[in-house]
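Notes follow the structure.
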Amino acid sequence: MADNPLKSYFRRPSIYIKLPSGGNFWPPGTVEMPENQELAVYPMTAIDEITYRTPDALFNGQALVDVIQSCIPAIKNAWAMPNIDVDTILVAIRIASYGHSMDIDTTCPKCSEESTYALDLRTVLEGLKVPKFDRPKSIGDLEFHFKPLSYKQLTDNSIVQFEEQKLLSLLQNAEMAEEEKLKLVTDAFKKVSQLTMKAVRQGIHYIKTPDSSVSEPQHIDEFLHNCEKSIFDAVRDHIMQLRSEAELKPLSIKCSHCGHDYKQPFTLDMTNFFG
């Protein structure tokens, strides 16, 4: 078939980005990293916009995966992307598609004045921090090394957590025998505890002992179920600290009405971030 004469009018890269991970923690074959480490980011297509407006695809993460792979062709499997790269990728696609300015609706906590704040997303990109996953945690003879969760792991864990929280909420007003309700509540809390254990295990890259290095998930999982609580708590807290270092910081806003300075939470929610 002859080349499409409209090919020269196809979308082109709008910006280029470097991933916070530097390509680390991506399984082989999931991203094609150029020598300069800069990935081309294309604007969204009409199909991409339809995709991210599909509720079920948004909930299970497929919408985000499809849009990312469309807008950044170098990413072959967005499910595998480390969670530390997600915010940078989302902001880059938003800039490529709609420009670097984004309006944020905000309400002053002091005078209740409602206003619109113009956010420059380029400053958001510059402000994103990379947790120091190369910083191990030593506890006695053990040295713990960490890794970010993949988007797939993060999504699966979030779905389970959402479903259990929804169940607990429904049970509060459910008309059933107290014994049956207690059993369901106990089972739900047990699943949440198991989810916490799973998330900690997924955040461990490997554990060094004086004699070996252990990276097998089943061995790490068995260790976490049988170690002292103080060790588990220290590892969990370290992983939570790493995750907090990668979180988007609140926006600093000065109220135009009363001059009050306050912090505005800012999250990248697919349901409104691309709207």
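Among 152, 181, which is in contact with a helix residue (DSSP H, G or I) (Cβ under 6 Å, 6 or more places away or on another chain) and more than 30 Å from residue 58 (Cα to Cα)?
Numbers: 152 fails: more than 30 Å from residue 58 (Cα to Cα).
When all the criteria are applied, what remains is 181.
Can you name every residue in the range 112-158 that is closer than 29 Å to residue 259 by Cβ and of a type in the set (Val, Ile, Thr)?
Within the range 112-158, 116, 123, 124 qualify.
Can you tell me which residue among 106, 123, 88 is of a type outside the set (D, E, K, R), exposed (fewer than 13 other Cβ atoms within 10 Å of the Cβ) and in the same structural domain as residue 48 (by TED's automatic domain parsing)?
123
Hey, does the range 25-40 have a residue that's buried (at least 19 other Cβ atoms within 10 Å of the Cβ) and of a type in the set (D, E, K, R)?
Looking through the range 25-40, none of the residues is buried (at least 19 other Cβ atoms within 10 Å of the Cβ) and of a type in the set (D, E, K, R).
Quick one: count up the residues across the range 59-108 that are in contact with a Cys (Cβ under 9 Å, 6 or more places away or on another chain) and over 15 Å from residue 14 (Cα atoms).
Residues meeting the conditions: 2.
Would you check which residues across the range 240-254 are of a type in the set (D, E, K, R) and either closer than 21 Å to residue 146 by Cα or in contact (Cβ under 8 Å) with a residue 12 or more places away in the chain (or both) and list them?
Once the filter is applied, which keeps residues that are of a type in the set (D, E, K, R) and either closer than 21 Å to residue 146 by Cα or in contact (Cβ under 8 Å) with a residue 12 or more places away in the chain (or both), the range 240-254 yields 243, 245, 247, 249.
Go through (1) within 18 Å of the chain's Cα centre (by Cα); (2) of a type in the set (Val, Ile, Thr); (3) closer than 24 Å to residue 91 by Cβ; (4) surrounded by 12 or more Cβ atoms within 10 Å (Cβ to Cβ) and name the single condition residue 253 misses.
(1)
Consider residue 227 against the criteria (1) in contact with a strand residue (DSSP E or B) (Cβ under 7 Å, 6 or more places away or on another chain); (2) more than 26 Å from residue 159 (Cα to Cα): it satisfies all of them except one. Which criterion is unmet?
Every condition holds for residue 227 apart from (1).
The values are calculated or read from the model by the stated rules, or taken from the named source; none is laboratory data. All of these numbers come straight from a predicted model, not from anything done at the bench. Every residue, glycine as well, gets a Cβ built from its backbone with ideal geometry; the counts of neighbours run over all protein chains shown.
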